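Heads up: the structure comes next, in structure tokens.
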Amino acid sequence: MLISVYEIMSKYGNTNFSIEGHTDTSGPKAFNQKLSEDRASKVKDHLVEKGVDGSRLSTKGFGEDKPKASNATRNGRIAVSYTHLTLPTSDLV
């Protein structure tokens, strides 16, 4: 999947992207925060290794603070543990 992301980033070479890491609520909050930051950083590192200019990529970990699903079920916890790439709104102007 990151190959497709790399291809899009290559096609739009002047566009910046934000990489966001997220986790579920399992484990201590501080651990989850660091885990989400590490997830985002790993995606950035991989894209830079593939040739994307690192200055075009920002990272942020949200830990368990922005869930897109409930943490009450196993499927919900799986759904909220992810990394998300976005186009910052400042680049849309």
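The values are calculated or read from the model by the stated rules, or taken from the named source; none is laboratory data. Predicted, not measured: the structure shown is a model, and the values here were computed from it. We work out accessible area using only protein heavy atoms, side chains counted, and drop any ligands, DNA or RNA first. Shrake-Rupley method; radii C 1.70, N 1.55, O 1.52, S 1.80 Å.
In degrees between 0 and 90, to the nearest 10, how far off the longest principal axis of the chain does helix 2-11 point, with axes built from Cα atoms?
Approximately 40 degrees, to the nearest 10.
Taking all pairs of distinct Cα atoms, average 1/r, flip it, and tell me the Kirkwood hydrodynamic radius of the chain in Å to one decimal place.
Result for the chain, one decimal place: 13.8 Å.
Taking amide hydrogens as modeled 1.01 Å from N in the peptide plane, which residues meet the under 5 Å criterion relative to L85, leaving out close sequence neighbours?
Those qualifying (amide H under 5 Å, at least 5 residues apart or on another chain) are E20.
Roughly speaking, what is the stretch gain from S26 to K60, that is 0.36 nm per residue apart minus the C-alpha to C-alpha distance, in nm to one decimal?
10.3 nm
With all protein chains present, how much of the accessible area of the chain (probe radius 1.4 Å) comes from carbon and sulfur, to the nearest whole percent?
54
Relative contact order of the chain: what whole-number percent is it, with Cα pairs under 8 angstrom and at least 6 residues apart?
40
Roughly what angle does helix 29-49 make with the longest principal axis of the chain, taking Cα atoms, 0 to 90 degrees, to the nearest 10?
Result, in degrees: 20.
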